[in-house]
1. May I ask you to verify whether residue 76 is more than 15 Å from ligand 1 (Cβ to nearest atom), modelled with pLDDT of 95 or more and open to solvent by less than 60 Å² (accessible area, probe 1.4 Å)?
2. So, in the stretch 273-305, how many residues would count as being more than 9 Å from ligand 2 (Cβ to nearest atom) and either among the acidic types (Asp, Glu) or closer than 24 Å to residue 125 by Cβ (or both)?
3. I'd like the full set of residues that are over 15 Å from residue 122 (Cβ atoms) and of a type in the set (Val, Ile, Thr), limited to the stretch 141-159.
4. Just the residues that are open to solvent by 70 Å² or more (accessible area, probe 1.4 Å), over 16 Å from residue 172 (Cβ atoms) and without any contact (Cβ under 8 Å) to a residue 40 or more places away in the chain, please, taken from the stretch 138-160.
5. Quick one: in the stretch 180-211, which of the residues that are of a type in the set (A, V, I, L, M) and within 16 Å of residue 329 (Cα to Cα) is surrounded by the fewest Cβ atoms within 10 Å (Cβ to Cβ)?
6. For residues in the stretch 110-131 being more than 16 Å from ligand 1 (Cβ to nearest atom) and open to solvent by 20 Å² or more (accessible area, probe 1.4 Å), which is nearest to residue 300 (Cα to Cα)?
7. For the subset of the stretch 216-263 comprising residues that are over 23 Å from residue 108 (Cβ atoms) and among the small types (Gly, Ala, Ser), which member is most open to solvent (accessible area, probe 1.4 Å)?
8. State all residues of the stretch 12-31 that are surrounded by fewer than 20 Cβ atoms within 10 Å (Cβ to Cβ), free of Cβ contacts under 8 Å to residues at least 40 places away in the same chain and not in a helix (DSSP H, G or I); if no residue qualifies, say none.
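The values are calculated or read from the model by the stated rules, or taken from the named source; none is laboratory data. What you are looking at is a predicted structure, and each value in this text was computed from that prediction instead of being measured. Here the Cβ positions follow ideal geometry from the backbone for every residue, glycine too, while neighbour counts run over all protein chains shown. For the accessible areas, the whole protein counts, side chains as well, though only heavy atoms, and no ligand, DNA or RNA atoms are used. Shrake-Rupley method; radii C 1.70, N 1.55, O 1.52, S 1.80 Å.
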Amino acid sequence: MDVLLTGGAGYIGSHTLIELLACGHRIHVADNFANSSPEALNRVRSLSNRDFAFSRADVRDRAALIALFQEFRPEAVIHFAGLKAVGEGEAKPLDYYETNVAGTMNVLDAMNAVQCRRIVFSSSATVYGEPEYLPIDEAHPLRPASVYGRTKHMAEQIIADWGRARPEASGALLRYFNPVGAHESGRIGEDPHDVPNNLMPYISQVAVGRRAKLSIYGDDYDTRDGTGLRDYIHVADLARAHVAALDYAAAHQGVEAFNIGTGAGFTVHEMLRAFSEACGRDLPYEVTARRPGDVAACVADPSKANRLLNWRAERGLPEMSRSAWLWQSGNPNGYEAL
Ligand code: NAD
Ligand code: UFG
């Protein structure tokens, strides 16, 4: 299939790109490198031994997107491009609405211009807000508690309305839980440009000596050891979910949401222990106050994706930590040269 990836140079996009190339899809990546590096794409080329097209493009630029789509004429789009830092979203809400909501509308407009009818969208478990029950299935109420979460919820609704207006259209809204880990080669991985917000990249940077110690945000939650519990999913499993979603979109009509998680949760202490085993030493930490907005536990019910996408997460916690450590230890400064 001819597939256009917006944001394909990013963390999840680059891992998905490798899977898609291995399956023989023809790819065009569009990215403005707002939060990624051309080096990620160079490494995908050498790891996969396959080529793909690239355009430096901004999803906020509707006219440029339409021109790009008219040139490549994709049969499907995987729309990763977006801003994802929860705190930054609160400080710069209009930037988040512009990129995540208006950007998604531009992508749909460009698809319309070339009669492209299939989209796979990067959504997030954050659209559910505070869990009312666990595990969370797709029927759980949608009450996002942040600007970032609301942009994802709005983009989902826009895609669903776009799909309703076109009976032949299909869309898969993939609600990722907590993606972690790296490609098994350790050559591509997560490379946050600022101080990491998320647990696994923070632990990795402590392990490699870039940060002094991990702050554990509270150990008085109602979980098995008092620290926050999340459904961590290996990025390689997440990448395979996109391939499955593309196949699903090719064979079905309508827009569907899917939880992409494992169905199991791990606490912060468990993540730290697993990472310490991977890197071979105990890592320093201190317990600090709770982070505002955090919930005690968040776990997916992934059975809809298991059933309809014929996909399931296969990699466990040791592989998540081992691959993250292989990436971080081999690339202590990410894609930046030493
Ligand atoms: P990332 O920042 O590594 O990747 C996003 C990519 O989009 C980057 O390459 C960035 O340069 C590009 N981009 C940003 N703004 C752009 C613009 N205006 N025009 C073109 N390209 C632009 O993030 P990621 O972790 O790979 O996330 C990919 C998608 O998945 C995002 O939409 C994110 O919101 C969503 N998501 C991520 C997580 C997570 O924990 N990583 C969880 C749920 C959902
Ligand atoms: N945590 C720490 N110390 C850190 C970072 C995180 O103790 O330095 C803890 C958090 O309190 C939480 C767990 O580790 O209990 C996981 O935190 P992350 O920030 O890695 O992940 P979240 O589940 O909080 O955030 C994720 C996505 C967000 C999304 C949010 C809500 O990264 O994009 O889920 O669904 F908004």
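1. Considered against the rule, which asks whether it is more than 15 Å from ligand 1 (Cβ to nearest atom), modelled with pLDDT of 95 or more and open to solvent by less than 60 Å² (accessible area, probe 1.4 Å), residue 76 comes out as yes.
2. From the stretch 273-305, those more than 9 Å from ligand 2 (Cβ to nearest atom) are 273-284, 286, 289, 292, 299-305; that's our starting set.
Subsequent filtering for residues that are either among the acidic types (Asp, Glu) or closer than 24 Å to residue 125 by Cβ (or both) retains 273-275, 277, 282, 286, 289, 292, 299-305.
Residues that pass the stated criteria total 15.
3. 147
4. Passing the criteria: 139, 143, 150.
5. So the residue we want is 208.
6. Across the stretch 110-131, the extreme among qualifying residues is 130.
7. By that ranking, first place goes to 263.
8. Residues satisfying the conditions are 24, 26.
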